[in-house]
Amino acid sequence: MFSEWKRKRAAGKVTAGDGHALRRYRWWQPFSRALLHLRLAESDGLRHLWSVNVKLWGDSDGEVVADLYRDGHHVAHSKLPAIFEVPGGTIEVAVSGYGLKRCHFVSSDGSELQLTPDGASAEGRRARLRQTRPGLSRLIGAASLGMLVVALVLGLPQIVEQVTNIPLVAERVGTFSSPIHLPSWLNVSLLVAALLASSERALRLRYNWVLDGGLFDGDD
């Protein structure tokens, strides 16, 4: 859930859409685009399709943005994190450095529902694996989580040692000597494995502020 000040800030960034049509998801877009859908009943008695399209690499200005569509027509645009007003509640969208970490419908009573990834997207393909091969899906998920825990346990003491060796920091808090010292090639391997693990978790919209980078990028 967004904190109250983040909700107000995000709501202020939403601008009206221009009505253009939602483009079909293409096979070459899995790392640059996320597309998710939700059907909502409205006052006309029909269930309309609401879609959120996220440009993961940012727009022409480098800003990571989300666009909201109703029945395939553009109705709103926002920098991320974003909160879009929709019938019966809001859609909250946020990203991490690895992909989506939140795209949920929050109803007026506070209940939450994750939007369904488009079947052609990377998130949709990961969701299909969970449905068709649940055992393999759980194994991959457990491996991703385990790798992040290992990377944190082995890497954090070394990072703290390096930070406390900075003269300005050492003068204020003293120095720390890490009990763990790994060769450079192993530290690089751990970093690459952690990046892949967090990217896999982002395909499932799984995020933890400690394991997935928020501890260092200021995410709360």
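So which DSSP H runs in the chain come out at 18 Å plus along the axis (Cα) with average Kyte-Doolittle of at least 1.0? It would help to have the intermediate numbers written out before the result.
Numbers: long enough: 134-164 (44 Å, 1.35); 184-203 (29 Å, 1.14).
Span-like helices, by this rule, are 134-164, 184-203.
Dipole size in debye (nearest 20) for the chain around its Cα centre, Lys and Arg Cβ +1, Asp and Glu Cβ -1?
Details: 26 positive and 22 negative charges, 155 e Å.
Result for the chain is approximately 740 debye, rounded to the nearest 20.
Using the heavy atoms of the protein chains alone and a 1.4 angstrom probe, what is the accessible area of the chain per residue in square angstrom?
Numbers: 12700 Å² over 220 residues.
Ligands and nucleic acids excluded, the result is 58 Å² per residue.
Note on Val210 and Leu113: their simple-model spin labels are 3.3 nm apart, each label 7 Å out from Cα toward Cβ.
Rounded to a whole number, what % of the accessible area of the chain do carbon and sulfur atoms account for, probe 1.4 Å?
Values: 7540 of 12700 Å².
Of all accessible area on the chain, carbon and sulfur atoms account for 59 percent.
Working from the Cα coordinates of the chain, the gyration tensor eigenvalues give, after taking √(5λ), semi-axes of 37, 21, 15 Å in decreasing order. If the label point is 7 Å along Cα→Cβ of Val149, which residues in region 182-197 have backbone nitrogen under 20 Å from it? Counting only backbone N, you get 190-197.
Counting only helical runs of four or more DSSP H residues, what would the 222 nm mean residue ellipticity of the chain come to if each run contributes -39,500 (n - 2.57) and the total is spread over all its residues? All intermediate terms of the calculation are to be shown ahead of the outcome.
Details: 6 runs with 81 residues, N = 220.
When only DSSP H runs of four or more count, the value is -12000 deg cm²/dmol.
Restricting the calculation to Cα atoms, every distinct pair contributes to the Kirkwood radius of region 32-85, found to be 11.8 Å.
The values are calculated or read from the model by the stated rules, or taken from the named source; none is laboratory data. A quick note: this is a predicted structure, and the numbers were derived from the prediction, not measured. Glycine gets a Cβ as well: all are built from the backbone with ideal geometry, and neighbour counts include every protein chain shown. For accessibility, only protein heavy atoms count, side chains too; no ligands or nucleic acids. Shrake-Rupley method; radii C 1.70, N 1.55, O 1.52, S 1.80 Å.
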